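Undergrad: To start, I am sharing the structure in question, which I have written as structure tokens.
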Amino acid sequence: MRSRALAFFALAFALIGLGASAASLVDYLNPAPTFCAEAGCATVRQSGWAHPLGVPMPVLGIVYFVAMSVLAFWEKPKLRVALAAVGCAVGIGLIALQAFSIGAWCKLCLIADPAAIASAILIVAGAGTVRATLSNIAATLPAVGLVVLGLGLYAQREDAPNAPVPEFVAKEQKPGQVTIVEFVDFQCPYCRALDQKLTEALGKTQKTVRIVRKMVPLPGHTYAVPAAMAWCSADAQGKGDAMAHELFTANVEDLTPAGCEAIAVRLGCDVTKYRATFASTELQERIKRDMADGKTLNGLPTIYIGHKKFEGSDHTPDALLAAIERAGS
């Protein structure tokens, strides 16, 4: 009896993982995400781990969870345990990659990967097979559909456009102009990609636009902190916009303290003042405040154009331009 109960739970987790993988594949293939438009999801989708051997990661997830669903009805215990062990190890590895390498979290991955781990634990704990009746087998496809539908409804609820704007964003808005609040890691490739698109959009608008940058250097990026300190030091001399452009377009290897200072000199900053600001406790406190605000985000890149939030780097310059025009209305 216990074995049969565990079998149904193991199958349920396999179906949940299959549904999450199917939803994730839809986002991989579509130009704009349907289920997970958050910054963390976009960052994971665009990472170097997203297409092993050129294959989208969700395809591998679908293949795995389909196999585990089939084995839930088929008496192949050794094969099932072996695949479960592989799935568990891969699931743990993918979670670790998001935590320590990518530095961002995909909510669909955080459904699929734990589902693989939970299913494996149940199988090792003695989950048997589900009786292969026509009704049990026929119920699996609608179950997957319900999981995907539920994920879609959840994503729409989470990403609702009427979500309240954080107070630290709202207080930056000024009448008569468009204010953009940009959360910045100058080493982050996705922040760089989104800023390039934002720069293109800004070149097409006649609106008066003010950009407020908040420094959120990610811990896994070696040069993010000195680049953030360099920007603050240049911004104190009224050269924040020019410095941001130079830092976003510089080679990552040039974002060392010495490299950043060379950029500041090229922009005409007073070196003595620059170094004093760079070493000041006030600068450290400013970055700490910005990072505290950044903890409320789902991940980077994130910008607010007026009250409109953009997460990830998937957005087109035209979409950003449209938001700028609306924010100024």
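The values are calculated or read from the model by the stated rules, or taken from the named source; none is laboratory data. Source: prediction; values computed, not measured. Heads up, the Cβs are rebuilt from the backbone with ideal geometry, glycines too, and the neighbour counts pull from every protein chain shown. What goes into the accessible areas is simple: the full protein's heavy atoms, side chains included, and nothing from ligands, DNA or RNA. Shrake-Rupley method; radii C 1.70, N 1.55, O 1.52, S 1.80 Å.
Undergrad: Step by step: first the residues of region 167-202, then only those that are of a type in the set (Gly, Ala, Ser) and open to solvent by less than 70 Å² (accessible area, probe 1.4 Å), then the one that is nearest to residue 254 (Cα to Cα). Which residue is that?
TA: 193
Undergrad: Any idea which of (1) under 17 Å from residue 314 (Cβ atoms); (2) at pLDDT below 85 is the one residue 162 doesn't satisfy?
TA: (1)
Undergrad: Hey, could you check region 310-322 for residues that are buried (at least 22 other Cβ atoms within 10 Å of the Cβ) and outside any loop (DSSP other than H, G, I, E, B) and say which is modelled with the lowest pLDDT?
TA: 311
Undergrad: Quick one: is residue 275 touching a strand residue (DSSP E or B) at 6+ places or on another chain (Cβ under 9 Å), at pLDDT 95 or above and either open to solvent by 40 Å² or more (accessible area, probe 1.4 Å) or not in a loop (DSSP other than H, G, I, E, B) (or both)?
TA: Criteria not met by residue 275.
Undergrad: Can you name the residue in region 83-106 that is part of a helix (DSSP H, G or I) and open to solvent by 50 Å² or more (accessible area, probe 1.4 Å) and, of all such residues, is modelled with the lowest pLDDT? Outline the logic, then answer.
TA: Taking region 83-106 and keeping what is part of a helix (DSSP H, G or I), we get 83-102.
Subsequent filtering for residues that are open to solvent by 50 Å² or more (accessible area, probe 1.4 Å) retains 83, 85-86, 89-90, 92, 100-101.
Numbers: 83: 93, 85: 94, 86: 94, 89: 95, 90: 93, 92: 95, 100: 86, 101: 82.
Top of the filtered list is 101.
Undergrad: Kindly list, by first and then second residue, each pair from a residue in region 101-124 that is over 23 Å from residue 188 (Cβ atoms) to a residue that is of a type in the set (S, T, N, Q), limited to pairs with Cβ atoms under 6 Å and residues at least 6 apart or on different chains.
TA: Partner pairs satisfying both residue conditions: 112/21.
Undergrad: Out of all the residues in region 49-76, which are open to solvent by 80 Å² or more (accessible area, probe 1.4 Å) and either more than 12 Å from residue 18 (Cα to Cα) or in contact with a Leu (Cβ under 8 Å, 6 or more places away or on another chain) (or both)?
TA: 49, 51, 53, 74, 75, 76
Undergrad: Can you tell me which residue is modelled with the highest pLDDT among those in region 107-144 that are among the charged types (D, E, K, R) and closer than 18 Å to residue 298 by Cβ?
TA: 113
Undergrad: Here are some conditions: (1) part of a helix (DSSP H, G or I); (2) modelled with pLDDT of 85 or more. Residue 151 meets all but one. Which one does it not meet?
TA: (2)
Undergrad: Also, quick follow-up: Mind listing just one residue for me: the one in region 203-224 that is under 23 Å from the mean Cα position of the chain (by Cα), touching a residue at least 60 places away in the same chain (Cβ under 8 Å) and open to solvent by 60 Å² or more (accessible area, probe 1.4 Å) and, of those, nearest to residue 181 (Cα to Cα)?
TA: My answer is 219.
Undergrad: Suppose we filter region 225-236 for residues that are open to solvent by less than 10 Å² (accessible area, probe 1.4 Å) and under 23 Å from the mean Cα position of the chain (by Cα); how many remain?
TA: 2
Undergrad: What single numbered condition from (1) touching a residue at least 40 places away in the same chain (Cβ under 8 Å); (2) open to solvent by less than 60 Å² (accessible area, probe 1.4 Å); (3) not in a helix (DSSP H, G or I) fails to hold for residue 296?
TA: Failed condition: (2).
Undergrad: Read through the list (1) among the charged types (D, E, K, R); (2) under 28 Å from the mean Cα position of the chain (by Cα); (3) surrounded by 15 or more Cβ atoms within 10 Å (Cβ to Cβ), then give the number of the only condition that residue 253 fails.
TA: For residue 253, the exception is condition (3).
Undergrad: Between a residue in region 40-53 that is in contact (Cβ under 8 Å) with a residue 24 or more places away in the chain and part of a loop (DSSP other than H, G, I, E, B) and any residue that is of a type in the set (A, V, I, L, M) and surrounded by fewer than 24 Cβ atoms within 10 Å (Cβ to Cβ), which pairs come within a Cβ distance under 6 Å, given they are 6 or more apart or on different chains?
TA: The qualifying pairs are 47/102; 49/97.
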